[in-house]
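Let me begin by presenting the structure, written as structure tokens, before commenting on it.
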Amino acid sequence: MKLSLGIGAVAALVLAGTQMAGAESPPYGMAGCGLGSLVFKENGFVQVFAATTNGTFGTQTFGISSGTSNCVNAGVVKADKEQEAFVESNLDNLERDMAAGGGEYLAAFATLLGCQDSVQPQLYSFAQSSYPSVFPSDQTTAQQALYGFKIQASQNEIFARNCARL
Amino acid sequence: MLARVGRSALLLVLALAGAARANDADELVRRAAREGLATSREWLVLGHWRERSFGGWRSEVDAPHFFLAPDGKDDPHAELEATLRGFFAPPVDPEVAAKSFEAQHPQCRFPARFRWVSERLRAAIPAQSCPRYAEWRMGLRPESATLIFAAAYLNNPASMFGHTLLRLDRVGQGAGGDLLAYAVNFAANPTSDNPLIYMLAGLTGGFEGVFSTLPYYLKVKEYGDFENRDLWEFPLTFTRAEVDRMVAHLWEVGSGWLDYFYFDENCSYQLLALLEVGRPSLRLLPIDKPWVVPADTLRAVLDAPGLVRAQRFRPSRHTLMLARRRLLDDDEVALAAGLARVGDDGAYASLAGLAPARQAIVIDTAVDLLRYEGGQDAEPARRQRERRLLLARRGIAVAPVALEFPEARDPASGHGTAMVAAGAGADRRRPFLEVGWRGVLHDLAGPQQGYAPNTQIELMSGTLRIGDAGPVPTLEQLDLVRIASLAPYDAWAPKPSWRLSTGFDRMHEADCDCLTYQGTGGPGLAVEGGPFVLYTFADLDLRIGAAFRDRFRAAAGASLGTLWQATSFWRWSVEGGYLYPFFGVEPPSASPLDDDGAPWRAEATWSFALSVVHELRLPVRLVRGHAEAGLLLLSYF
């Protein structure tokens with residue numbers, strides 16, 4: 001009973017997350033912050049010229065003179081969007097670190113979840129063992145992975161107590 | 001009646017307050033003038049004013065709203081006065097202030113100026129609340145700073161100039177915390193995608209340069225994952241107060257723009273200006289060269305006493321992959337490739353035969369390859385192979401091995417970015433004296449440390465010769481651009497090799513010492529084995545010159561060459577080629593330029609690094625019967 005409730009909650013939240021993201025999408029045409037959709041110019045001839053302006057990736061989104069978007073304010077990610085922005089931007093590296101049970105991206109993620117240093121090793125092995133359920137398919141989105149992970153981790157008493165922003 | 005008295009009293013109070021403000025402001029302006037604040041180092045760096053060659057001042061900031069005085073760009077005195085008076089301005093309605101940057105109170109637009117004059121003049125200026133600035137600062141929470149240098153990326157010699165950014169760190173940000181810090185980036189804001197306009201505007205200041213603050217993880221992704229550029233991180237000794245001042249100033253200048261010039265007022269230059277604001281006693285600018293190469297700014301920072309406290313290397317995806325692959329034996333390399341590219345049951349069966357720790361590293365390497373080859377492309381079949389690998393990895397409780405990069409040399413450890421040379425030589429007919437120079441940056445013959453391997457980019461390099469014809473020097477060669485990218489074949493990271501050049505070149509064929517303008521280039525192949533790189537190019541050679549029929553010649557051919565790094569300080573480069581003129585001169589047998597045989601060419605250069613500054617070079621050249629040899633001393637700076 002408890003288990004099915006839990007699963008139901010995950011499903012509802014993931015669904016809510018997706019819908020919420022849909023409602024927020026206009027500025028970027030994508031879920032959440034849309035940082036995952038900032039595409040880098042392909043290597044090639046254009047890159048030779050790109051060096052003359054020194055990388056323009058994200059300059060507009062993060063310009064200090066840029067105004068506020070749903071996620072970024074004057075070049076700084078809004079506090080309540082930090083987790084989303086990070087997971088969206090680094091989904092591939094985070095997925096890999098979770099499967100391996102360690103790495104810089106997983107450590108940064110733990111920091112964003114507000115986890116104290118003392119529980120980080122446990123969180124890493126938890127991340128490794130829960131990898132298949134956090135990434136249930138090869139189509140898993142950032143929002144699904146983020147909220148899936150948070151819900152599963154918050155059911156663990158240690159993490160619930162020691163990770164302030166879970 | 002009472003109401004009227006009340007209103008009059010209010011008006012009186014307001015008038016008095018206004019008069020008091022004016023008095024206070026006048027007093028501060030007088031004191032500032034008495035103490036000569038307008039030309040103090042601190043004020044000049046805050047306004048980016050530089051002394052002009054014929055007297056007077058000019059600020060490098062181009063946005064008009066960076067100045068409160070109408071002539072603030074050229075007059076630090078007027079700007080200081082306008083600033084002091086502006087700080088006493090009545091409060092701005094929060095709704096108005098929220099609308100645009102310029103609508104904010106001067107104290108909120110210029111927090112670094114405000115703090116400096118308050119401290120310097122010990123002035124009690126009524127402080128305004130600045131919610132926008134406060135929120136921005138809260139997001140950054142900077143406590144220390146790190147200079148970041150992005151090294152060249154593969155196969156793109158133009159990127160050899162590098163790129164610099166600044167990272168704002170938090171004390172004890174811990175494992176993974178570097179990724180979460182903010183990077184300050186200065187880049188052009190391109191308004192065109194057309195490659196030609198893009199390049200020209202980028203070079204000539206046609207784009208506005210703007211500051212942005214991005215999460216460092218985005219820059220790591222951009223440089224490390226997608227462009228495969230290694231990053232070097234140099235934590236600075238900046239104190240909390242210095243970082244505070246720099247970040248307050250970043251807000252001031254970040255809302256404006258500075259015209260972006262690729263060659264001088266570029267990313268690196270503006271970051272140095274920021275550092276000078278943080279610590280005004282630093283004298284990093286100007287860089288005494290006609291152009292500012294990021295590697296030079298890195299040297300300026302490293303040379304400033306006690307500014308840099310450590311050095312870290314952050315390998316790119318490509319560097320990481322090759323480093324991990326080196327830990328595998330041949331069978332494991334084949335297995336990792338099979339897992340990444342096919343991922344069939346057979347490969348997994350072989351994997352299962354390995355010890356868990358070896359399985360982990362083979363899988364990690366396979367994921368490296370899969371990601372490297374995939375780039376940004378999330379093709380479904382590749383995603384499925386990756387997922388299967390990650391699911392297998394998940395079953396092994398072994399952390400990824402820590403990799404080491406003993407061969408990585410920081411980009412400031414190599415030779416200087418400009419060069420002059422002098423020497424003597426002789427050809428078949430006469431001896432000559434030679435002087436040479438190179439604007440920037442690096443060639444294949446000289447010492448390689450600190451530069452992307454097998455990559456050449458030279459801009460504005462040339463040689464002059466004085467022969468027995470008299471004391472008047474003749475131009476032997478002037479390259480506007482010479483670029484070569486040799487990418488030794490690697491089955492995991494195959495890249496094309498290519499080269500291109502254009503400029504003036506004196507041909508010595510038969511009895512003709514003819515100046516020509518050339519454009520040459522072509523694709524190639526390279527392989528590497530130990531200290532040798534062997535390469536071949538297909539060459540197309542187009543020339544304009546008075547000696548040719550129709551004043552034009554087109555030739556095609558091929559070259560074969562080798563680079564040999566014999567020891568850390570000496571090196572050979574040898575190249576031979578055949579170039580067949582198919583347009584513009586008679587066929588070789590009948591050509592007046594061909595009395596001396598077929599259009600063969602051979603050259604060799606021996607290079608000996610005396611120090612990081614000096615190099616001895618011995619070039620030998622044979623072109624269609626013309627032979628010459630020389631000895632040159634090169635100085636890098």
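Filter region B:411-431 down to the residues that are under 16 Å from B:LEU631 (Cα atoms) and out of contact with any Ser or Thr (no Cβ under 9 Å at 6 or more places or on another chain), then identify the one that is surrounded by the fewest Cβ atoms within 10 Å (Cβ to Cβ). Filtering region B:411-431 for residues that are under 16 Å from B:LEU631 (Cα atoms) and out of contact with any Ser or Thr (no Cβ under 9 Å at 6 or more places or on another chain), the one surrounded by the fewest Cβ atoms within 10 Å (Cβ to Cβ) comes out as B:ARG428.
Across region A:83-106, the number of residues qualifying as farther than 23 Å from B:LEU370 by Cα and without any contact (Cβ under 8 Å) to a residue 24 or more places away in the chain comes to 0. Looking for something part of a loop (DSSP other than H, G, I, E, B), on the phi < 0 side of the Ramachandran plot, in contact (Cβ under 8 Å) with a residue 12 or more places away in the chain and crowded, with 20+ Cβ neighbours inside 10 Å - is there at least one such residue anywhere in region B:288-308? Yes: one or more hits.
Out of region B:434-484, which residues are at pLDDT 90 or above, surrounded by fewer than 17 Cβ atoms within 10 Å (Cβ to Cβ) and farther than 28 Å from B:GLY414 by Cα? Of everything in region B:434-484, those that are at pLDDT 90 or above, surrounded by fewer than 17 Cβ atoms within 10 Å (Cβ to Cβ) and farther than 28 Å from B:GLY414 by Cα turn out to be B:ILE466, B:PRO473, B:THR474, B:LEU475.
Of the strands (runs of 3 or more DSSP E) that lie entirely inside region B:594-637, those containing 2 or more residues that are at pLDDT 90 or above and in contact with a Ser or Thr (Cβ under 6 Å, 6 or more places away or on another chain) span B:614-623. When B:PRO157 is tested against (1) closer than 26 Å to B:TRP492 by Cα; (2) facing chain A (nearest Cβ under 7 Å); (3) at pLDDT below 80, just one condition goes unmet, and that condition is (2).
Beta carbons closer than 7 Å, at least 6 apart along the sequence or on distinct chains, never pair a first residue in region B:381-405 that is on the phi > 0 side of the Ramachandran plot and not assigned by TED's automatic domain parsing to the domain that holds B:ASP368 with a second that is of a type in the set (D, E, K, R) and surrounded by fewer than 18 Cβ atoms within 10 Å (Cβ to Cβ). So, B:PRO431, is that one at pLDDT 90 or above and either farther than 27 Å from B:PHE608 by Cβ or over 23 Å from the mean Cα position of the chain (by Cα) (or both) or not? Yes; evaluated as a whole, the condition is true for this residue.
Selection over region B:554-573 of residues that are under 16 Å from B:LEU486 (Cα atoms) and not β-branched (Val, Ile, Thr) gives a count of 9.
Is it true that some residue in region B:105-116 is without any contact (Cβ under 8 Å) to a residue 40 or more places away in the chain and either touching a Leu at 6+ places or on another chain (Cβ under 7 Å) or within 14 Å of chain A (Cβ to nearest Cβ) (or both)? The answer is yes, given that some residue of region B:105-116 is without any contact (Cβ under 8 Å) to a residue 40 or more places away in the chain and either touching a Leu at 6+ places or on another chain (Cβ under 7 Å) or within 14 Å of chain A (Cβ to nearest Cβ) (or both).
For region B:256-270, the condition holds for no residue, the condition being that it is among the charged types (D, E, K, R) and more than 27 Å from B:ILE197 (Cβ to Cβ). All conditions but one from (1) modelled with pLDDT of 95 or more; (2) within 23 Å of B:PRO290 (Cα to Cα) apply to B:ALA424; the one that does not is (2).
Counting only helices (runs of 4 or more DSSP H) that sit completely within region B:78-167, those holding 3 or more residues that are within 30 Å of B:ALA33 (Cα to Cα) and among the hydrophobic types (A, V, I, L, M, F, W, C) correspond to B:111-120.
The values are calculated or read from the model by the stated rules, or taken from the named source; none is laboratory data. These numbers come from a predicted model, not from an experiment. Every residue, glycine as well, gets a Cβ built from its backbone with ideal geometry; the counts of neighbours run over all protein chains shown.
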